[in-house]
Amino acid sequence: QVQFVESGGGLVQPGGSLRLSCAASRSIFSIYRMGWYRQAPGKQRELVAVVTNGGTKNYVDSVKGRFTITRDNAKNTVNLQMNSLKPEDTAVYYCNEIGGASWGQGTQVTVSS
């Protein structure tokens, strides 16, 4: 079972940027869809961005135009570039294959002045 380790979170002011990275414990070449999720305090985990093996990308409406998901099958990584961050983006961010049952520790993103 593949494991994921997320990194790159931190404290950033509104309007700032962060780049999250996700490293897989084995090849992700065969994983059709990889995603970034987030969970804010008191809320359910939500899927914010998906990328397929063919490069098709989808985003939840609230992050469209601000977040960009990329995957590198050669390096077994999936990244999330987040620009124009807002306080409502504050959450713990996780990456996982879509439908995956095993979750990493996530990385905390806090957007605050």
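Data overview
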| read-out | value |
| --- | --- |
| Pick from the range 10-51, criterion in contact (Cβ under 8 Å) with a residue 60 or more places away in the chain and hydrophobic (A, V, I, L, M, F, W, C), ranking: nearest to Tyr93 (Cα to Cα) | Leu20 |
| Cβ-Cβ under 8 Å pairs, at least 6 apart or on other chains, the range 70-82 side without any contact (Cβ under 8 Å) to a residue 24 or more places away in the chain, far side open to solvent by 30 Å² or more (accessible area, probe 1.4 Å) | Thr70/Gln81 |
| Filter pass, Ser30 being over 17 Å from Gln108 (Cα atoms), surrounded by fewer than 19 Cβ atoms within 10 Å (Cβ to Cβ), at pLDDT below 95 and not aliphatic (A, V, I, L, M) | yes |
| Residues of the range 49-90 that turn out to be at positive phi and either at pLDDT 95 or above or in contact with a Phe, Trp or Tyr (Cβ under 7 Å, 6 or more places away or on another chain) (or both), as a count | 3 |
| Test for Ser113: is it of a type in the set (Gly, Ala, Ser), loosely packed, with under 13 Cβ neighbours inside 10 Å and at pLDDT 95 or above | yes |
| Selection within the range 82-104 - touching a strand residue (DSSP E or B) at 6+ places or on another chain (Cβ under 7 Å), exposed (fewer than 15 other Cβ atoms within 10 Å of the Cβ) and under 26 Å from Leu11 (Cα atoms) | Lys86, Pro87 |
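The values are calculated or read from the model by the stated rules, or taken from the named source; none is laboratory data. Given the structure is predicted, the values throughout are model-derived calculations rather than measurements. FYI the Cβ positions are ideal-geometry reconstructions off the backbone, even for glycines, and counts take in every protein chain you see. Ligands, DNA and RNA are stripped out before the accessible areas are found, and what is left, the full protein with its side chains, is counted by its heavy atoms. Shrake-Rupley method; radii C 1.70, N 1.55, O 1.52, S 1.80 Å.
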